[in-house]
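The values are calculated or read from the model by the stated rules, or taken from the named source; none is laboratory data. In this text, all values refer to a predicted model and were calculated from it rather than measured experimentally. Using ideal geometry, Cβ is built from the backbone for each residue, glycine included, and neighbour counts are taken over all protein chains shown. These area figures cover heavy atoms from the full protein model, side chains too; ligands, DNA and RNA do not enter into them. Shrake-Rupley method; radii C 1.70, N 1.55, O 1.52, S 1.80 Å.
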Number of protein chains: 2
Amino acid sequence: MAGRNWFNELHTPSSGILLEIGRPIAYRKSPYQEIWIFHNPLFGKVLVLDGCVMTTEKDEFFYHEMLAHPALTTHPKPERVLIIGGGDGGTLREVLRYHEVKKATLVELDREVVDLAKQHLPSLSESFSDPRSEVVIGDGAKFVKTAENGYDVVLIDSTDPVGPAEILFSEGFYRDIKSLLGKDGVLALQCESPFLHMDFIKSQKKILSSIFGKVNFYNTVVPTYPGSLWSFAFASDTVDPLELKRKPPEGLRYYDERVHRAAFTLPPFMRDELEG
Amino acid sequence: MAGRNWFNELHTPSSGILLEIGRPIAYRKSPYQEIWIFHNPLFGKVLVLDGCVMTTEKDEFFYHEMLAHPALTTHPKPERVLIIGGGDGGTLREVLRYHEVKKATLVELDREVVDLAKQHLPSLSESFSDPRSEVVIGDGAKFVKTAENGYDVVLIDSTDPVGPAEILFSEGFYRDIKSLLGKDGVLALQCESPFLHMDFIKSQKKILSSIFGKVNFYNTVVPTYPGSLWSFAFASDTVDPLELKRKPPEGLRYYDERVHRAAFTLPPFMRDELEG
């Protein structure tokens with residue numbers, strides 16, 4: 001390893017990952033965070049915010065497909081979609097694969113993330129040029145207080161629940177989202193690792209269950225994320241997360257109808273905590 | 001990170017993991033490999049062979065439950081079980097949870113691994129004291145050439161397919177195992193990461209399919225393994241891997257009947273390669 005440059009991220013105080021910085025690509029200090037993109041021989045381009053890997057070209061599909069498609073295949077008519085966060089564009093790209101979607105609004109706090117993704121991560125950010133997409137640069141928590149209602153699906157594609165993203169996991173924020181959702185509205189959100197953050201996931205279950213009639217969790221794998229096993233919450237008053245209303249788009253790499261059902265099958269160590 | 005001791009393992013030439021060595025526990029150079037056990041604040045005791053993490057107290061259940069239980073729940077009458085490798089005892093522990101199992105033989109090349117596991121990893125190695133267990137110190141590839149036949153289930157709990165373990169992924173070895181298996185015999189083996197080693201998995205599919213009538217793959221997650229998503233092959237002439245013959249034991253943390261079915265649900269990127 002001598003003579004080579006390495007990035008490391010601690011996922012816990014005593015464990016983490018190592019990635020060779022094959023080639024630095026971009027670095028900016030925005031008003032909100034440090035944004036860094038480098039190229040790794042295995043993972044391709046790696047987007048790092050404040051020292052945490054957000055996404056990589058090679059493993060982003062596990063995450064973005066699984067954040068977007070369960071909500072999009074189960075909502076009866078997903079025409080208006082709101083994405084909070086997700087400035088790299090990957091979630092927006094998955095949402096816009098559905099011809100049913102007439103408008104997808106993405107609210108990202110940090111303009112620099114969107115700009116750098118457009119410049120350096122075209123496989124994720126291609127969707128920004130879709131005429132159905134609308135990008136709002138601003139605070140998601142403030143946005144949902146005053147936005148017009150009538151969204152069919154809201155997806156929260158946030159960073160970890162510390163610092164600026166902490167509010168995105170709060171009861172008030174979820175209540176504001178609930179008020180924006182139309183009848184049959186669905187909320188899906190990234191919800192950390194069941195391997196490392198089970199207490200956090202339980203706390204989210206409690207908050208969401210006080211607001212929505214049905215709250216379920218499902219999993220994917222993200223090799224570069226802490227704990228690798230990664231969960232999402234799915235909340236709605238009316239929509240059964242296991243009742244698919246449409247086929248997913250062709251060409252996906254991780255998600256299909258069968259994986260959808262498998263993803264909602266929680267292992268006993270999660271089920272005991274969440275469905276007990 | 002200054003002033004602390006860190007273990008790192010490269011999973012590929014440009015990526016890997018970092019674990020703090022909270023406390024060194026044991027180090028031995030055996031005739032076969034370097035064996036190292038240290039304590040990490042998150043993962044508990046970590047067993048490292050030739051620089052690769054084999055298992056940790058905290059995440060071993062994802063692997064050992066998923067290697068053992070799919071074969072044990074689907075075989076019509078699993079009385080005699082053979083484990084190749086698995087010197088830490090974790091797979092043996094899972095096998096012996098079934099009262100149907102009358103004898104489980106474990107063939108481990110390296111006596112020092114068994115001895116160190118007995119001494120330092122009691123939660124895995126407790127099964128060595130079960131009267132139904134038999135430990136043979138020796139070469140698994142040689143063992144299967146001369147062993148008595150009549151095994152119901154064979155589990156291969158090997159290290160990666162390089163060096164001494166390479167032969168454990170060869171056609172000749174699988175043919176020897178086939179000849180040991182009784183009617184309705186089942187072979188299950190750890191088969192590397194679909195995220196990183198898809199070509200290897202495809203090659204195994206080809207070899208196994210030339211020997212067994214039914215070959216399927218299934219997945220688990222192992223946070224400390226390369227790529228995190230981890231696969232197993234399931235091979236038999238008669239046993240349908242989705243037809244469960246008995247309930248799994250109580251008290252498992254990752255495996256149950258529903259997870260069994262979910263685990264055999266391959267994501268499109270695997271299915272396109274393996275079931276096409």
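Show which lysines lie in cross-link reach of A:Lys178 when reach means a straight Cα distance below 16 angstrom and same-chain residues fewer than eight apart are skipped.
A:Lys142, A:Lys145, A:Lys205, A:Lys206, A:Lys214
Which listed residue (B:Leu19, B:Ile37, B:Phe7) has the Cα farthest towards the positive end of the charge dipole for the range B:6-54, taking +1 on Lys and Arg C-beta and -1 on Asp and Glu C-beta about the Cα centre?
B:Ile37
Alpha carbon centre of the range A:35-74 versus the range A:166-211: separation in Å?
Their Cα centres are 21 Å away from one another.
Which lysines have a Cα lying under 19 Å from the Cα of A:Lys118, excluding residues fewer than 8 positions away in the same chain?
A:Lys29, A:Lys45, A:Lys58
Based solely on its DSSP helices, what 222 nm [θ] is calculated for chain B when runs of n ≥ 4 H residues each add -39,500 (n - 2.57) and the sum is averaged over all residues, nearest 500 deg cm²/dmol?
-8000 deg cm²/dmol
Other chains near A:247-257: what is the mean number of their Cβ atoms within 10 Å of each residue's Cβ? All intermediate terms of the calculation are to be shown ahead of the outcome.
On the way: counts 0, 1, 0, 1, 1, 3, 5, 5, 2, 5, 1.
The per-residue average across the peptide is 2.
Hey, if we sort A:Tyr218, B:Tyr27 by accessible area with the 1.4 Å probe, largest down, what's the order? Intermediate results must be reported in sequence, preceding the final value.
Working: A:Tyr218 0, B:Tyr27 125 Å².
Listed by decreasing accessible area, they come as B:Tyr27, A:Tyr218.
Quote the accessible area belonging to B:Val215 in square angstrom, nearest 10, computed with a 1.4 Å probe and with ligands, DNA and RNA left uncounted.
Only protein atoms counted, so the area is about 20 Å².
In chain A, with Lys and Arg counted as +1 and Asp and Glu as -1 at Cβ, which of these residues, A:Phe269, A:Gln119, A:Asn149, has the Cα nearest the positive end of the dipole, that is, farthest along it?
Towards the positive end, the residue furthest out is A:Asn149.
Rounded to the nearest 100 Å², what is the buried accessible area between B and A, both sides summed, probe 1.4 Å?
3300
Placing +1 at every Lys and Arg Cβ and -1 at every Asp and Glu Cβ, with all other atoms neutral, what dipole size does the range B:60-274 have around its Cα centre, in debye to the nearest 20?
Taking the Cα centre of the range B:60-274 as origin, the dipole is about 600 debye.
Can you give me the Kirkwood hydrodynamic radius for the range A:60-274, using every pair of distinct Cα atoms, in Å to one decimal?
After inverting the mean inverse Cα-Cα distance, the result is 17.0 Å.
Just how much of B:Lys118 is accessible, in Å², when a 1.4 Å probe is used and the result is rounded to the nearest 10?
My reading of the accessible area for B:Lys118 is about 120 Å².
Taking every eigenvalue of the Cα gyration tensor of the range B:6-54, multiplying by 5 and rooting it, what semi-axes result, largest first, whole Å?
The equivalent ellipsoid of the range B:6-54 has semi-axes of 17, 16, 7 Å.
Would you mind listing how long the range B:127-178 runs along its three principal axes, going by Cα atoms, in whole Å with the largest first?
Result for the range B:127-178: principal-axis Cα extents of 33, 23, 17 Å.
Average the reciprocal distances over every distinct pair of alpha-carbons in the protein assembly as shown, invert the result, and give the Kirkwood radius in Å.
Final number for the Kirkwood radius of the protein assembly as shown is 24.5 Å.
Taking the Cα centre of the protein assembly as shown as the origin, how large is its charge dipole in debye, to the nearest 20, when only Lys and Arg (+1) and Asp and Glu (-1) carry charge on their Cβ atoms?
So the magnitude is around 560 debye.
Convert each backbone phi in the range A:11-25 into a coupling constant with the Karplus relation 6.51 cos²θ - 1.76 cosθ + 1.60 (shift: θ = phi - 60°), then list the ³J(HN,Hα) values in order as whole Hz, x for Gly and Pro.
With the stated coefficients, the range A:11-25 comes to 8, 9, x, 10, 8, x, 10, 10, 9, 5, 8, x, 7, x, 10 Hz.
From the P(r) of the range A:149-188, could you give the percentage of C-alpha pairs in the tail past 12 Å?
57
To the nearest 10 square angstrom, how much accessible area does A:Phe128 have with a 1.4 angstrom probe?
Counting only protein heavy atoms, the figure is 30 Å².
Taking only protein heavy atoms into account and a 1.4 Å probe, give the accessible area per residue of the protein assembly as shown in Å².
Values: 20950 Å² over 552 residues.
That works out to 38 Å² per residue.
Cβ neighbours within 10 Å, averaged per peptide: list B:52-63, A:165-176 in order, most packed at the top. Let's see the in-between values first.
Values: B:52-63: 22.7, A:165-176: 17.2.
Final packing ranking: B:52-63, A:165-176.
What is the magnitude of the charge dipole of the range B:173-253 about its Cα centre, with +1 placed on the Cβ of each Lys and Arg, -1 on the Cβ of each Asp and Glu, and no other charges, expressed in debye to the nearest 20?
100
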